[in-house]
Amino acid sequence: MGKHRIIAIILTGVMTLVIIFTGREFKDMHADIPIFPSDDLAEVKMLSDYFEGLKNTPGDTQVYVFEGEEEGGSVLILGGTHPNEPSSNLTSILFVENLKVDKGRVFVITESNKSAFTHNDPQEGSPHGYYIETASGQRFFKYGSRATNPIHQWPDPDVYVHASSGQQLSGSETRNLNRAYPGREDGTLTEKVAYGITSLINKEQIDLTIDLHEASPEYPVINAMVAHETSADIASFAILEMQFQSIEIALEMSPKNLHGLSHRELGDFTETYPLLMETANPAQGRLRGATSAELIVEGIDPIYEKAGNAGFLFVKFDENGHPLNERVARHTTGIIEIVKAFNCLNSGKEIIIGGIPGYDDMLQQGIGAYLR
Ligand SMILES: [Zn+2]
């Protein structure tokens, strides 16, 4: 056997091993992670129950439904619109695993863009996920991409034209769920997911819709609640209550000329009161160092600390960073205060919920204490 043939055989063997290992990791990203709902769960529906067109597609996703004994209003919590914003997905999971509902109905989607949980953004060096310690051991959670997986929706056009407004954005935004609302029955997979969520809101007559997000610390809209005109009263009440608890949060009005976003289109096209919240995720920003599972969970980064001290950021950033505990605590407190504000303004239609830990409890105990 010649020398070249031996080298070729060795290289083929090494390549096969690499393919097996990486292939297994890629395949794992397509599997669901386990979620352990609280005893108050009424049923698990699928988004395709509201829009048939999603059936057997990678866009179909679980809808966790909780119902109180007494009739009241309803709220939809959207986690995982952007799977590279982990406090969003984790807050929605924490709700599913702890929620008690006395009055009204609560709908939770933990992976709103399920396809985007099956891959990472190219050239970001992001890990596939991160770990949280719980009483019964370590649990794994996924860290995905901002956009639908290109193996599920391909190719991107050069220019993305938002269907109902004609707004033009860069082609890759075609796969961004939060530029696709209100969605289209016969559109792309991303537009179909948006259409499914809009259909759920219409069919279940959802009163309140809360879309959870994160942004990099250098992004101006951060530690903020974004409200459609119709939701401004609810947002103002909720923000005042949060500020009384020393949680800094700002009110941003949904721009009327920026289309495809949940807080704009769901307010324009449905009867729901839409709101969106942002927390600060250092693992997402351009200034960060190595993107590790620790950075996602601990939220500590020396360059961000430097930028924060120099006054270049839109949030305070010290040596404690912005840990996931704090970011999830902000979202859970935000949701609770939004629901309370809705109740104040809609007597007779209250949504009475419990079981969710308070802000200080979550900071002291950590999220792991509240995950099953
Ligand atoms: Zn986002």
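The values are calculated or read from the model by the stated rules, or taken from the named source; none is laboratory data. None of the values given here were measured: they were computed from a predicted structure. Every residue, glycine among them, receives a Cβ derived from its backbone with ideal geometry; neighbour counts consider all protein chains shown.
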Subset of the stretch 90-119, residues assigned to a loop (DSSP other than H, G, I, E, B) and under 24 Å from H152 (Cα atoms), comes to T110, E111, S112, N113, H119
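On the given criteria, is K55 without any contact (Cβ under 8 Å) to a residue 60 or more places away in the chain and in contact with a helix residue (DSSP H, G or I) (Cβ under 6 Å, 6 or more places away or on another chain)?
Criteria met by K55.
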All conditions in (1) in contact with a Gly (Cβ under 8 Å, 6 or more places away or on another chain); (2) of a type in the set (D, E); (3) under 23 Å from H331 (Cα atoms) are true of E97 except (1)
Reported set for the stretch 234-248 where residues are in contact with a strand residue (DSSP E or B) (Cβ under 9 Å, 6 or more places away or on another chain) and either surrounded by fewer than 23 Cβ atoms within 10 Å (Cβ to Cβ) or under 21 Å from T174 (Cβ atoms) (or both) is S236, I239, M242
Query raised in the report: Scanning for something free of Cβ contacts under 8 Å to residues at least 60 places away in the same chain, within 24 Å of T332 (Cβ to Cβ), among the aliphatic types (A, V, I, L, M) and buried (at least 20 other Cβ atoms within 10 Å of the Cβ), does the stretch 299-312 turn up at least one residue?
Result: no
Requiring at least 2 residues that are within 16 Å of the ligand (Cβ to nearest atom) and at pLDDT 95 or above, the strands (runs of 3 or more DSSP E) wholly within the stretch 198-290 are 208-215, 224-227, 273-280
If I filter the stretch 220-227 for residues that are surrounded by 15 or more Cβ atoms within 10 Å (Cβ to Cβ), over 22 Å from L76 (Cβ atoms), in contact (Cβ under 8 Å) with a residue 40 or more places away in the chain and not aliphatic (A, V, I, L, M), do I get at least one hit? yes
Matching residues in the stretch 164-192 (within 16 Å of the ligand (Cβ to nearest atom) and in a loop (DSSP other than H, G, I, E, B)) number 3
